[in-house]
Amino acid sequence: MSYLLTRVRDVEGGEDVEDCWYDLVAGTGRYYCRASYSIENNGCKAAMYTYIERRAVCKEVFYGVTRECGRCGMGSEGPLPVRVHVSGFKKFHGVPNNPTDTIVSNLEEYLKRRGVPLPGGITIATCNVIEAAGEAALPLLNQIIGDPSHPEDPFAAADDQVVWLHFGANGGTSKFFIECQAVNEATFRCPDERGWQPQVQLPIVPEDGGISHTRQSTCSIETIVKYLKKRGFDVAISDDADQFVCNYLYYHSLRLASEKGYKSLFVHVPLFSRIDEDTQMEFAASLLEALALTQ
């Protein structure tokens with residue numbers, strides 16, 4: 001049996017991405033591989049054939065990022081399961097209608113209506129909208145991520161990768177920001193929803209040291225941003241998660257995730273008056289794709 005061997009080409013730019021055995025075919029926001037003919041495996045139509053091994057290997061291609069397909073199970077090794085815990089906030093000072101409340105509340109239903117499966121191996125474990133108050137966030141983090149009184153993530157299997165994905169609102173911007181770090185400083189620019197407003201320079205976690213100490217996300221942020229930009233979103237990397245509940249939550253999340261071997265990422269989104277709801281829902285779905293491809 002003969003096989004057609006081709007070079008991968010970037011559909012947008014028309015440039016060679018790498019030497020390989022397949023071509024890219026335009027799809028709904030994603031590009032699939034094909035050879036001289038294609039097959040369907042358990043509903044997955046992204047198929048290729050290797051000439052060397054003489055066996056079918058199914059892969060997915062997203063803007064030049066290639067990985068084994070986790071839906072049909074073909075390939076030498078499938079991706080590890082990735083379970084994502086998603087959180088957003090309710091209203092807070094100056095923002096009576098928090099877009100992250102809508103995004104997180106509707107995310108699972110939106111993905112169903114979208115009709116485009118997420119890359120193999122990634123699932124949403126939980127979606128929670130929490131009160132915009134410093135102390136309201138900790139019980140949720142302790143329940144899902146775990147601390148000495150909650151030693152295991154009750155939703156995760158032993159070999160699952162776990163990601164905490166937090167959404168927060170930024171009323172003064174018209175773009176999306178991927179936060180790369182949180183600072184160990186509990187200073188709020190305004191009272192939270194329980195009236196708490198620490199105004200002295202105190203560390204969030206005293207055991208970590210002073211207020212200049214930072215914790216970094218271990219997610220592949222640059223690759224995630226690159227993917228989102230190619231999807232047409234105005235997105236940038238930020239190193240300032242804001243002096244409010246967002247930074248407070250993110251710092252605790254990064255600390256607990258580090259202790260458990262998980263990952264944590266915080267994303268600031270604009271108000272719906274700046275970027276409409278449909279666009280922001282698609283952004284959230286695309287962000288999940290990017291997370292899956294970078295694990």
> Does segment 106-127 hold any residues that are surrounded by 15 or more Cβ atoms within 10 Å (Cβ to Cβ) and within 26 Å of Arg274 (Cβ to Cβ), and which are they?
Replying inline: Asn106, Leu107, Tyr110, Leu111, Ile124, Cys127
>> What's the total number of residues in segment 91-105 that are surrounded by 16 or more Cβ atoms within 10 Å (Cβ to Cβ) and either at pLDDT 95 or above or within 14 Å of the chain's Cα centre (by Cα) (or both)?
In response: 7
> Residues in segment 166-213 that are of a type in the set (Gly, Ala, Ser) and either part of a strand (DSSP E or B) or touching a residue at least 40 places away in the same chain (Cβ under 8 Å) (or both): how many?
Replying inline: 6
> Is segment 254-262 home to any residue that is in contact with a Ser or Thr (Cβ under 6 Å, 6 or more places away or on another chain) and assigned by TED's automatic domain parsing to the domain that holds Trp164?
Replying inline: yes
> So Ser273 fits all but one of (1) of a type in the set (Ser, Thr, Tyr); (2) within 25 Å of Pro119 (Cα to Cα); (3) outside any strand (DSSP E or B); what number is the exception?
Replying inline: (2)
> Taking segment 128-137, which residues are surrounded by 16 or more Cβ atoms within 10 Å (Cβ to Cβ) and out of contact with any strand residue (DSSP E or B) (no Cβ under 8 Å at 6 or more places or on another chain)?
Replying inline: Ala133, Gly134
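The values are calculated or read from the model by the stated rules, or taken from the named source; none is laboratory data. Here the structure is a predicted model, which means the values were calculated and not measured. For neighbour counting, all protein chains shown are included, and Cβ atoms are generated from backbone atoms with ideal geometry for every residue, glycine included.
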